Amino acid sequence: MEPDAETTIARVIAQYRDFLNPGLTRLMQFAGFGDVEACAEGCVITTEGGRQYLDFVGGFGVFNLGHRHPRVVAAVKRQLDRMPLSTRTFFNAQQAELAARLVSVAPEGLQYVFFSNSGAEAVEAALKFARVATGRPGFVSAQGAYHGKTLGALAVTGREKYRTPFEPLMPGVTFVPFNDLDALQRAVTEQTAAVILEPVQGEGGIHVARPGYLSAAGRICRERGALLILDEVQTGMGRTGRLFACEQEGVCPDILTLAKGLGGGVMPIGATLATPAVWEAVFGTNPLLHTSTFGGNPLACAAGIATLEVILEEDLPAKANRRGEQLMTGLRAVQEAYPAIVKEVRGLGLMVGVECTHEDIAGLVVNQLAGYGVIAAYTLNNPCVIRMEPPLVVTEEQIDAAIRAFRASVEGVATLLAELE
Ligand SMILES: Cc1ncc(COP(=O)(O)O)c(C=O)c1O
């Protein structure tokens, strides 16, 4: 390593320790990520230390188009030279265009868009809109669900570890086991404003909704006068093999949340889409009832417009299906060879989870993978599960390389465990 690089890495890590988060600094170093990212292109990240890594975290759904897709970068640069942020007094063409394009591809019935800057903000808006539209206070969410860490989103996030320190949270939230329709039937009452679900639980450990689950959830909501919110912050924008995962079984939610991949891996953006009935209730008498200063800024919307064009023109959902099949087949072959280490491989499109037999084993595998030049991460609400969410532009050869690295990593962990016995 160049002496300059060594100095840079040491300085950045010390600044993380001294000014950002000492515990996180230790955790990242322990997990094998004691380097500093320098630049990235496509699926490859280059560090200050001069190493190159295949990005199989994909920003947890942010980098669906890979890093620095030229069309998105060009659109953002053009906008930067004209007007990056909005006056919010005049109409803005980029915001209007992205809303129109999103609605044209969104599930039927979704007619209006509210733009924000992150997934949690998109969820906050969804929760507020559901309360106003129904006049009811309650929500039903799923155990293991992840919807963000702001106070409202946290209240519907199904992991006590992140909730308890901040209680009391928003009251009236009931959690049910994911994929359990009987439990959902029992939980939705005349006090329920909305049921909020992810079509594939991401942070909960990559759990795919069973066929029929989401449509039955929609039916239960309609019968009881509650709304269905689908949170596609992570599953959206082509990741699961459809533009939106709910298309898999033709479910049309009342409210849909998007973020992460919508900005094309270049800009942060969040979006909450809903039906005319919801919009009328929220903005009908007060068009300023919910607002965001930076939400819908032209820079982010220019990125969103280019992102939608790329996803549709390059047919990235179909690529996600093909590469996802290839990845899961390869990972399952390793699972069959090492059942004491890998319990299950599951997923949809390129949203893939590898469940290890213990969370410490998952940590060791992630660490080994980094050594072989592939970055992966465990899921926040289920540390036994390693997620693999590479950009949808990942090549066949890159998937093969990651599978080889995974096999070598699991072999390495198996050898280590055998030595300890
Ligand atoms: C399904 C889902 N909803 C909401 C969020 C929160 O998004 P953000 O971290 O941008 O606030 C996430 C983040 O991982 C997510 O996966």
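None of the figures in this text is laboratory data; all of them are computed from the coordinates on show. Since the structure is predicted, the reported quantities are computational estimates derived from the model, not experimental observations. With ideal geometry, Cβ positions are generated from the backbone for all residues, glycine too; neighbour counts draw on all protein chains shown.
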- [ ] Find the percent of Cα-Cα distances in the stretch 1-98 that exceed 20 Å, and round it to a whole number.
- [x] 58 percent
Task: Count of Lys pairs (Cα-Cα under 26 Å; at least 8 positions apart or interchain) in the chain - done: 9
TODO: Whole number please: convex hull volume per residue, Cα atoms of the stretch 279-421, in Å³.
DONE: 163 Å³
Task: the stretch 263-313 - Rg over Rh from alpha carbon coordinates, Kirkwood radius - done: 1.08
Task: Rounded tilt (10° steps) of 213-224 against the dominant C-alpha axis of the chain - done: 20 degrees
Task: Diffusion coefficient, µm² s⁻¹, Stokes-Einstein with Kirkwood Rh over alpha-carbon pairs of the stretch 30-165 at 10 °C and 1.306 mPa s - done: 84 µm²/s
Task: Cβ charges +1 (Lys, Arg) and -1 (Asp, Glu), total dipole of the stretch 75-219, debye - done: 300 debye
Task: Cα pair count fraction exceeding 16 Å, expressed as % - the stretch 161-280 - done: 64 percent
Open item on the list: Just to confirm a number: summing +1 for Lys and Arg and -1 for Asp and Glu over residues other than residue 210 whose beta-carbon lies under 14 angstrom from that of residue 210, what do you get?
Closed with: -3
Task: Radius, Kirkwood style, for the stretch 70-313 when every pair of distinct Cα atoms is counted (Å) - done: 18.0 Å
Task: C-alpha long axis of helix 93-105 to longest principal axis of the chain, angle in ° - done: 90 degrees
Task: Among 124, 37, 397, residue whose mean-square fluctuation peaks in a GNM of the chain (springs only between Cα atoms under 10 Å) - done: 397
Open item on the list: Whole percent per 5 Å bin, from 0 to the bin with the longest distance: what is P(r) over all C-alpha pairs of the stretch 344-395?
Closed with: 5, 22, 28, 26, 15, 4, 0
Task: Relative contact order of the chain, defined on C-alpha pairs under 8 angstrom at six or more residues apart (%) - done: 22 percent
Task: Euclidean distance of C-alpha centroids, the stretch 289-368 and the stretch 195-252, integer Å - done: 16 Å
- [ ] For the chain, set up a Gaussian network in which alpha carbons nearer than 10 Å are linked by springs, and say which option among 354, 36, 278 fluctuates the most.
- [x] 36
Open item on the list: I need the fraction of alpha carbon pairs in the chain separated by more than 42 Å, rounded to a whole percent.
Closed with: 13 percent
Open item on the list: Rounded to the nearest 20 debye, what is the charge dipole size of the chain about its Cα centre when +1 sits on each Lys and Arg Cβ and -1 on each Asp and Glu Cβ?
Closed with: 940 debye
TODO: Have a look at 116, 86, 141 and tell me which one the Gaussian network model of the chain (Cα, springs below 10 Å) gives the largest fluctuation.
DONE: 86
Open item on the list: Per DSSP helix of 4 or more residues, -39500 (n - 2.57); summed, then divided by the residues of the chain. What does that give at 222 nm, rounded to the nearest 500?
Closed with: -13000 deg cm²/dmol
Open item on the list: Give me the net charge for the shell around residue 386: Cβ to Cβ below 13 angstrom, other residues only, Lys and Arg +1, Asp and Glu -1.
Closed with: -3
